[in-house]
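Everything below concerns the one structure shown next.
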């Protein structure tokens with residue numbers, strides 16, 4: 001039991017990390033659901049990026065996977081209604097793997113992310129090429145599973161341009177907005193564990 005508990009603690013982190021992880025999942029699900037009528041305006045991207053860059057550990061994968069486990073079935077009943085199960089499964093793979101990759105890219109820059117203005121600027125700056133890369137990946141997935149029999153890949157990528165512009169706008173709005181909020185909570189939202197331990201020591205003891 002103690003071995004499982006130790007692995008769980010190592011994977012999920014302390015209470016502050018777990019609370020922020022749950023908040024990121026809520027941001028991803030609720031934000032995207034509320035804005036589902038607007039093409040490519042979503043919050044899963046920023047939640048995945050922050051999960052990797054701020055929390056690390058299992059949250060790098062847990063945040064995007066949990067969010068997509070809730071949101072993707074809704075897409076099956078709306079945007080992808082009428083398509084074969086194989087096509088929906090294939091597109092889902094590209095979408096989910098894309099967000100997981102965003103989380104891992106965020107984790108790569110985690111040592112550089114502190115609560116400073118330049119950290120928010122760094123997250124916002126890298127969100128631009130990552131968003132473009134994500135859209136190219138998912139556009140290829142849609143072409144391969146839905147339209148390759150009658151639409152050339154170049155045409156598909158050309159049609160993707162306006163949607164990518166909307167997605168870039170989404171990233172440029174939500175990454176600094178939620179990035180600033182979560183960086184602040186991560187740094188100052190709760191007392192550090194060491195401070196809590198120090199304050200809990202009896203007086204007169206080292």
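Rule-based calculations on the coordinates, nothing more; no lab input. Computed from a predicted structure; not experimentally measured. Ideal geometry is used to build each Cβ from the backbone, glycine not excepted, and the neighbour counts take in all protein chains shown.
Quickly rank 53-60, 132-139 as a protection proxy: mean count of other C-beta atoms within 10 Å, highest first.
53-60, 132-139
Tell me the relative contact order for the range 14-188 as a rounded percent, counting alpha carbon contacts under 8 Å between residues six or more apart. Walk me through the numbers before you get to the answer.
Details: 208 pairs, mean separation 51.4, N = 175.
With pairs under 8 Å counted, the relative contact order is 29 percent.
Can you give me the distance in nm between label points at residue 163 and residue 8, each placed 7 Å from the Cα along the Cα-to-Cβ direction?
4.0 nm
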